[in-house]
Amino acid sequence: MKKKILVTGAAGFIGSNLANFFIKKKYEVWTIDDLSTGNLKNLNKSIIFINGDCSNKNTIKKLKNNKFQYIFHFAGQSSGEISYENPCKDFKSNVQSTIYLAEYAIKNQCKKFFYASSMSVYGDTKLGKCKESDKCNPLSFYGIGKLTSENYLMKYRKKGLNPVILRFFNVYGPNQNFSNLKQGMISIYLAQILNTKKLNVKGSLNRFRDFIYIDDAIEAIFTLCKKNTRPNPIINIGTGKKTTIKQLIKLISKIINKEIKFKIISGTIDDQFGVYANTKILQKYYNFKAKTNLKLGIKKFIDWKIIN
Ligand code: NAD
């Protein structure tokens, strides 16, 4: 019998790549998505799909007490900027859904519960390099929601939950939504550069981020599936490399062999100035290192976009 997993947010960027990856590994893949930002065309036809909101109990009932080896809770409102438009909706989508799914996981003896948290929980730190044990001081409502979910999951350990908290840095690559200009720095920049030949940069060119290609992020998650969870189950998912916005634009310009005209406009509310990952735990404990350099990753992403 095939092993079963559940991926929420599976029609979205990271969820679809993960669900398709597990289909290739011959798992039975159950998925939930409310299609608020995701698209079914991202998904392999063999998945079992439930169209619903994870913050609604009726959606969870549709899982019919199936026992999943792993639950990947990746559904949620995924933009810091949008979290200000409707904070209650952001909270429900990101926190209430986590509580329902954690309770489901405990009741149905799920082996590991993976949660898509974010670098946004750190806020601005002195040096920008963030390690898992750093004090968190999220700036946006989105970051507050992610940290709150993390705190619930840590508490649920007492009730038998085995959580793995993934603090994603900037993940980029195929299946990222080019029409959403409020989430995903590289996809936002490429969408403007490729579609309008102009680029609006929100905030300073000196800001910096840690960009990790989607295939590396998926490989990192699979590595975490196979190894025992550390006593502290929080893990940065990044490359450990810092790239400024100025360097990013220069690199894209080199890849497409064109000068990029850009305008600096006012920054996003409560945006972090600069963050990148300390990847010691991922590298030393889990023996994982991202393979795709930024130049190759962006090239692959553009190649995918041209045929999709
Ligand atoms: P995404 O917006 O592409 O995917 C999220 C998916 O969840 C979408 O398909 C959407 O339709 C669905 N969804 C949203 N709210 C839902 C709800 N209440 N019930 C059911 N489905 C719902 O985002 P992504 O980039 O794939 O991110 C996946 C997760 O990782 C998110 O939780 C996001 O906050 C987190 N994350 C992503 C990044 C990144 O760089 N992409 C960085 C940090 C954290």
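The values are calculated or read from the model by the stated rules, or taken from the named source; none is laboratory data. What you see is a predicted model; the values in this text were computed from it and never measured. Cβ: placed from backbone, ideal geometry, glycine included. Neighbour counts: every protein chain shown. For the accessible areas, the whole protein counts, side chains as well, though only heavy atoms, and no ligand, DNA or RNA atoms are used. Shrake-Rupley method; radii C 1.70, N 1.55, O 1.52, S 1.80 Å.
Is it fair to say residue 51 is on the phi < 0 side of the Ramachandran plot and open to solvent by 30 Å² or more (accessible area, probe 1.4 Å)? If you could, list the steps in order and put the result at the bottom.
Values: on the phi < 0 side of the Ramachandran plot: yes; open to solvent by 30 Å² or more (accessible area, probe 1.4 Å): yes.
In short, yes.
Can you pull out the residues in segment 83-106 that are of a type in the set (A, V, I, L, M, F, W, C) and crowded, with 19+ Cβ neighbours inside 10 Å? Of everything in segment 83-106, those that are of a type in the set (A, V, I, L, M, F, W, C) and crowded, with 19+ Cβ neighbours inside 10 Å turn out to be 91, 95, 101, 102, 105. Among the numbered conditions (1) within 14 Å of the ligand (Cβ to nearest atom); (2) under 20 Å from residue 29 (Cβ atoms); (3) open to solvent by 60 Å² or more (accessible area, probe 1.4 Å), the only one that residue 74 does not meet is (3).
Quick check on this structure: which one of 260, 255 is open to solvent by 30 Å² or more (accessible area, probe 1.4 Å), more than 16 Å from the ligand (Cβ to nearest atom) and farther than 30 Å from residue 114 by Cα? Can you show your working first?
Working: 260 fails: open to solvent by 30 Å² or more (accessible area, probe 1.4 Å).
Among 260, 255, only 255 is open to solvent by 30 Å² or more (accessible area, probe 1.4 Å), more than 16 Å from the ligand (Cβ to nearest atom) and farther than 30 Å from residue 114 by Cα.
Screening 180, 175 for residues that are buried (at least 21 other Cβ atoms within 10 Å of the Cβ), farther than 24 Å from residue 129 by Cα and within 15 Å of the ligand (Cβ to nearest atom) leaves exactly one candidate, 175.
Of the residues that sit in segment 1-28 and are hydrophobic (A, V, I, L, M, F, W, C) and more than 17 Å from residue 115 (Cα to Cα), which one is nearest to the chain's Cα centre (by Cα)?
First, the residues of segment 1-28 that are hydrophobic (A, V, I, L, M, F, W, C): 1, 5-7, 10-11, 13-14, 18-19, 21-23.
Then drop every residue that is not more than 17 Å from residue 115 (Cα to Cα), which leaves 1, 21, 23.
On the way: 1: 30, 21: 15, 23: 19 Å.
Going through the qualifying residues, I end up with 21.
For segment 111-122, filtering for residues that are farther than 28 Å from residue 208 by Cβ and surrounded by fewer than 24 Cβ atoms within 10 Å (Cβ to Cβ) leaves 2. Filtering segment 144-166 to residues that are aliphatic (A, V, I, L, M) and within 14 Å of the ligand (Cβ to nearest atom) leaves 144, 147, 153, 164, 165, 166. Picking from residues in segment 13-29 that are open to solvent by 10 Å² or more (accessible area, probe 1.4 Å) and more than 21 Å from residue 177 (Cα to Cα), the one that is farthest from the ligand (Cβ to nearest atom) is 26.
Pairing each residue of segment 264-292 that is in contact (Cβ under 8 Å) with a residue 24 or more places away in the chain and surrounded by 13 or more Cβ atoms within 10 Å (Cβ to Cβ) with any residue that is of a type in the set (Ser, Thr, Tyr) and part of a strand (DSSP E or B), provided the two are 6+ apart or on different chains, yields C-beta distances under 6 Å for 292/213.
Which of the following residues is buried (at least 21 other Cβ atoms within 10 Å of the Cβ), within 16 Å of the ligand (Cβ to nearest atom), in contact (Cβ under 8 Å) with a residue 12 or more places away in the chain and over 24 Å from residue 224 (Cα atoms): 169, 141?
Details: 169 fails: over 24 Å from residue 224 (Cα atoms).
Matching residue, one of 169, 141: 141.
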